[in-house]
Amino acid sequence: MPTITITCDTQPLQRAMEQFIFATENTEEVCKNYVRNGIELGVGLAQIYAPVDEGVLRDSIHMEENGNTFSIVADAVNKYGQPYAVYPEMGTVYQDAQPYVSRAGEEILPEIIAGIKGELAQMFQRSAVQTSVSFTK
């Protein structure tokens, strides 16, 4: 009587999962690198998008890092020492919003996410899953 037998050997899968778990131990550093690089790009974009009068606002845009948190910060102050970076970003009753930080953030976020997803996919591929299938008659 003809028979087809399919055997799923879980040992390679088990080893692959162990390798994947080992490989993902550095995911925090991978994530931080992608976010840091994205934020650095975002700083440049925000500087391009910032409305320029004298350049004080543009020149105040920088990255701040605190542990796993990265920020694009615009902390310009006017000639009286009062912060004003929020006014062009959000607008006022006298001036329409000219978003520059949020616009940069919206552009870099998909690239950061895609980069992290791609790196995780590569980690998983490096811990290749193999199964054995055998056919007998």
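Values quoted throughout were computed directly from the atomic coordinates according to the rules given, and no laboratory measurement underlies them. Computed from a predicted structure; not experimentally measured. Glycine gets a Cβ as well: all are built from the backbone with ideal geometry, and neighbour counts include every protein chain shown.
Can you sort Glu65, Glu89 so the residue with the fewest Cβ neighbours within 10 Å comes first? Kindly include the intermediate steps, with their values, before the conclusion.
Working: Glu65 12, Glu89 20.
Exposure proxy ranking, most exposed first: Glu65, Glu89.
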Nonlocal amide H pairs with Gln98, under 5 Å, H built at 1.01 Å: Glu89, Met90, Gly91
Karplus 3J(HN,Hα) series, Hz, for the stretch 85-98 with 6.51 cos²θ - 1.76 cosθ + 1.60 (x for Gly, Pro): 4, 6, 5, x, 5, 9, x, 9, 5, 9, 9, 5, 5, 10
Neighbour-count order for Ile112, Ile48, fewest beta carbons within 10 angstrom listed first: Ile48, Ile112
Interchain or long-range residues, amide H under 5 Å from Phe70's placed H: none
Which of Leu120, Leu57, Leu45 has the fewest Cβ neighbours within 10 Å, and the rest in rising order: Leu120, Leu45, Leu57
Formal net charge of residues neighbouring Asn68 (Cβ-Cβ distance under 13 Å; K, R +1; D, E -1): -2
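Summing +1 for each Lys or Arg and -1 for each Asp or Glu, what net charge is found among the other residues whose Cβ lies under 14 Å from the Cβ of Tyr34?
After counting each charged neighbour, the total is -3.
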Whole-number Å³ per residue for the convex hull built on Cα positions in the stretch 10-126: 107
